[in-house]
Each structure stands twice: as structure tokens, then as C-alpha cells.
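A.B. asks: One structure, as C-alpha cells, below. Some questions next.
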Amino acid sequence: MSGEIKRTGRKLIYQGAILSVYKDHMEFPNGGTAEWDFIQHDGAAAVVPVMEDGRILMVRQFRNALDRETLEIPAGKLDAADEPGLACSRRELEEETGYRSENLEWLLTLRTTVAFCNEKIEIYVARDLIPSHQRLDEGEYVDVKAYTMEELKEMIFTGKIEDSKTIAALLAYESKYLKQTSLK
């Protein structure tokens, strides 16, 4: 591609609780123009909570966008755009599962939908889980259950788990920590 694509304007269309929707006015090297949608999101963090026996804690919760419950790793949005993902993942682990950990390690970073949204999710692995107390947000209803990696892979490959951050995190965790690879 020769030349530079430039944003010549941005108009706020909608301001929500977790995102802002903009209409961007774009100019192309050939002189053409277009309007592109842009969704601004402050970011999120997630965690793969590994129990002493190797099972992974998962949360089942209702997701309005799908109009059904989903099975996911614990996750939540950053309290502020500059909040460290590690702090957010620690908080979400305890809030959603009732466990805490001082042993968290970065696993990967995801950009969920790069075509129109800047959401970034930092994902961590938590070990040495310490029982605590679940602290759900108002309006949040979460069931917690531990699964083996084999059970989770079966649910991924049969379409029972569809959440992209969960799929990426679980398969990355397996590749990095459970298989003998050069990623260690």
C-alpha cells in the first residue's frame, strides 16, 4: 500500500457505560474518503485460575448479547484505562471465583476485534489459589466450577465454549505449561 490513510475527523455517536461509539472520517492516498465505525473500550483483564490438582476454575454467567449463559474464564473491565491488567485480573479472580492469588503470571494479550474496536485484554495465569470470598458486582450472577483441561478442550471443540478470550487463554495455557514446548 502506498501513501498514508488519515483520520480527518471523529464524531462521538454514543457514550455507554463500557464503551464509546464513534464515526471516523477517513481519507485515502487516492483521494477517496469513507466513514468508518470505531468502538473505544478502556480494556479488560482475565485470568486462568489453576487449582492445585490442575483443574481450572471457570465461571458460568448470562451474557445479554447472546441471550444465554456462557462458560468463561474470570474476566472484567479495567476500572480506568490506565489500571494495570495484573491488578484487574487479581480483583476479578476474587470477585468472581471467591479465590485470590499472589502468584499471577502474564500469559498473553488479545485484541478482540481489530477491524473496529481497540479493546485489549491482558490474560494471566493464577496459581496457589487461596480461598476467599466471592464479591460479585450488583447485577452479576456467576456460578463457579472446576474443570480438567480435557473437559474444557472437549467443550471448545464441540462448540460449547465459544468465547474467544477463553478459547485463546485455555489453549495458550495448555501449550505453554502442559506440553513440552520451547515457550517455557
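The values are calculated or read from the model by the stated rules, or taken from the named source; none is laboratory data. Nothing here was measured: the structure is a model prediction, and the numbers come from that model. Every residue, glycine as well, gets a Cβ built from its backbone with ideal geometry; the counts of neighbours run over all protein chains shown. Protein only, heavy atoms only, side chains kept; ligands, DNA and RNA dropped before computing areas. Shrake-Rupley method; radii C 1.70, N 1.55, O 1.52, S 1.80 Å.
A.B. asks: Look through segment 26-37, keep the residues that are out of contact with any Lys or Arg (no Cβ under 7 Å at 6 or more places or on another chain) and assigned to a strand (DSSP E or B), and return whichever of them is least open to solvent (accessible area, probe 1.4 Å).
C.D. replies: Taking the candidates together, the pick is 34.
A.B. asks: Condition first: at pLDDT 95 or above, open to solvent by 70 Å² or more (accessible area, probe 1.4 Å) and among the charged types (D, E, K, R). Can you find one or more residues in segment 124-135 that meet it?
C.D. replies: Looking for residues that are at pLDDT 95 or above, open to solvent by 70 Å² or more (accessible area, probe 1.4 Å) and among the charged types (D, E, K, R), one finds at least one in segment 124-135, hence yes.
A.B. asks: Tell me which residues, restricted to segment 64-94, are farther than 22 Å from residue 158 by Cβ, in a loop (DSSP other than H, G, I, E, B) and not hydrophobic (A, V, I, L, M, F, W, C).
C.D. replies: Across segment 64-94, the qualifying residues are 64, 74, 79, 82, 83, 84.
A.B. asks: State all residues of segment 45-60 that are surrounded by 11 or more Cβ atoms within 10 Å (Cβ to Cβ) and either in contact with a Cys (Cβ under 7 Å, 6 or more places away or on another chain) or not in a strand (DSSP E or B) (or both); if no residue qualifies, say none.
C.D. replies: Within segment 45-60, 45, 51, 54, 55 meet the criteria.
A.B. asks: Also: Of (1) touching a Leu at 6+ places or on another chain (Cβ under 9 Å); (2) among the β-branched types (Val, Ile, Thr); (3) modelled with pLDDT under 95, residue 113 satisfies all except one. Which?
C.D. replies: Exception for residue 113: condition (1).
A.B. asks: Can I ask one more? Across segment 136-184, what is the total count of residues that are in contact (Cβ under 8 Å) with a residue 12 or more places away in the chain, of a type in the set (Asp, Glu) and open to solvent by 60 Å² or more (accessible area, probe 1.4 Å)?
C.D. replies: Of the residues in that region, 3 qualify.
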